[in-house]
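Written out below as structure tokens is the structure these notes cover.
The values are calculated or read from the model by the stated rules, or taken from the named source; none is laboratory data. On a predicted model such as this, the values are computed, not experimentally measured, just so you know. We place every Cβ from the backbone using ideal geometry, glycine too, and count neighbours over all the protein chains shown. What goes into the accessible areas is simple: the full protein's heavy atoms, side chains included, and nothing from ligands, DNA or RNA. Shrake-Rupley method; radii C 1.70, N 1.55, O 1.52, S 1.80 Å.
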Amino acid sequence: MTNNQNQPREFDAVLGKEAPPPVQGAVLGGIEGVKQRLASFLVKARIDAVNDALQYGDAGLDLVIAALNDESSLVQRSAYLLLRERTETQVNQAVKAYKSWRLPERLEWYYDHHVSKFSNKKVEDFDPAIGIIDPMRIAYAIRCRKWEENVEIFREKLNILSQHPNANKIEALVIGMWDKYGDCDSSVVVNALVEVKDKLKNLKAIFIGDIEFSEWMISSIEQSDISPLLNAYPQLEIIQIRGGKGLQFSQLKHDNLKAIIIESGGLIPETIAQICALDLPALQHLELWLGSPSYGGDSFIDDLMPIISGELFPSLSYLGLRNSEYSDDIARALVNMPAIKFLNILDLAMGTLSNEGAEALFNSSHVNKLDILNLTENFLSDEMIERLSQLDCQLINDNQKQEKDKKYYIYRYCSIAE
């Protein structure tokens, strides 16, 4: 991130230079005026121009298609939302070619082992004997093995990595088990990363908690306040956390964070509220594993309404409300809320979605305009899956679960709790 406070940032509405005035000394109208505003330094001016361009026939349509390649993701998204409603051949081709923010690894099935990919990079354990050889394509992992003693081993490994000549080129870092006995929460990781921030100046993605079930159960992973890490790395784009116990976010603004991923067997309402209080203008991917009340996941649909309303995160294109015990409530609420209009990907995997909730999704015209609908590992019948397959969006529906018929009720469960 630049230190020059006079330089405009992507999400500034008024900061920076204005486009030079035309020779006539006034803003032009018509298609020429749209072109002039599309050349502005101001993101808001370019967004307004995109929204006006379709008044001017094919010439305006061409400008909107070109805006899919604007340097600002907000301008791109404004153009995309206008174009995906249209049916022209050249528009369909442009929309299909357009790649919004995506982490395809997040749509893969969850396995209980260390991740092999993170931030679209291959994950490899950091080996001091090999060093840092390919920081552009490798996410380096630091983890304590079962036989290692305590958190000091983790600190030593991180310090060795940070002293490497190529440390300032690392883009993605994965943190595994940091303490053999689980006596220390993740504040030791957060503090250690804050201490070496000047050595990891290019770090854009951090995963804290790449821990297998055989090491710690997901409900036993002790997290902490993650906000000092976000403050220390203003260029960070992805933060992924496994474990919701003790997880907190202090109120802050972060201009570059594009993805929050929280894998939890039980996410408490207070943590959800803290996420909703964050000022994240660039956030495009929000993924919350809500979990079971037996492990702290006692949230309800009302706790998610600030997210579902669509008012908090203007750039959101992927919404994952996964691993939930009230997936039907989420589906019914989403189809009636503004957020669904702006999403490319809706991910309700690993939850308790039944045919009833899926019916609400099927009947929504906005769901039909999604790029991807992920309903992996829910409770859908073959007949309902067949109906959902008729939607224009890509449907992912692997590994459906079977309801358990208890004596007095039908039991459905989220996939990950302990």
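Here are the numbers:
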read-out	value
The chain: calculated mean residue ellipticity at 222 nm from DSSP helix runs of at least 4, using -39500 (n - 2.57)	-8000 deg cm²/dmol
For region 323-363, alpha-carbon Rg and Dmax in angstrom	9.7, 25
Difference of contour (0.36 nm per residue) and Cα-Cα distance, residue 195 to residue 390	64.9 nm
Rg and Dmax of region 356-418, Cα atoms only, in Å	13.2, 41
Estimated dipole of the chain in Debye, rounded to 20 [Cβ of Lys and Arg +1, of Asp and Glu -1, Cα centre]	960 debye
Which listed pairs, of 96/121; 180/245; 44/369; 121/253; 35/258; 121/204, have C-alpha distances above 21 Å, in listed order	96/121; 44/369; 121/253; 35/258
Extension reserve of the residue 163-residue 125 stretch, reckoned as 0.36 nm per residue once the Cα distance is removed	12.1 nm
Among 276-286, 194-204, the order from most to least packed when residues are scored by Cβ within 10 Å on average	276-286, 194-204
Heavy atoms of residue 153 accessible to a 1.4 Å probe, total area in Å² rounded to 10	50 Å²
Loop GluC sites (Glu not before Pro), region 248-328 (other Cβ atoms within 10 Å of the site Cβ: 13 or fewer; DSSP)	311
Debye, to nearest 20: dipole size of region 42-141, +1 on Lys, Arg Cβ, -1 on Asp, Glu Cβ	100 debye
Candidates per trypsin sites (Lys or Arg not before Pro) in region 338-418, loop by DSSP, up to 10 other Cβ within 10 Å	406, 407
Gain in span if fully extended, residue 54 to residue 418, counting 0.36 nm per residue against the direct Cα distance	125.8 nm
Three-way shape label, region 108-191, alpha-carbon gyration tensor, a/c 1.5	oblate
Kirkwood Rh and Cα Rg combined as Rg over Rh, evaluated for region 177-274	0.95
Whether region 287-418 is rounded, prolate or oblate, judged on the alpha carbon gyration tensor where a/c under 1.5 counts as rounded	oblate
Three semi-axes of the equivalent ellipsoid, region 172-225, Cα gyration tensor, whole Å, largest first	22, 12, 8
Per residue, in Å², the accessible surface of the chain once ligands and nucleic acids are set aside, probe 1.4 Å	46 Å²
Percent accessible area from carbon and sulfur atoms, the chain, protein chains only, probe 1.4 Å	49 percent
Stokes-Einstein diffusion coefficient of region 285-336, Kirkwood radius over Cα pairs, 37 °C, 0.692 mPa s, in µm²/s	285 µm²/s
Calculated P(r) of region 142-212 - Cα pairs past 16 Å, %	43 percent
Cα pair count fraction exceeding 22 Å, expressed as % - region 205-357	36 percent
Residue 177 accessible area, 1.4 Å probe, all protein chains in place, Å² to nearest 10	10 Å²
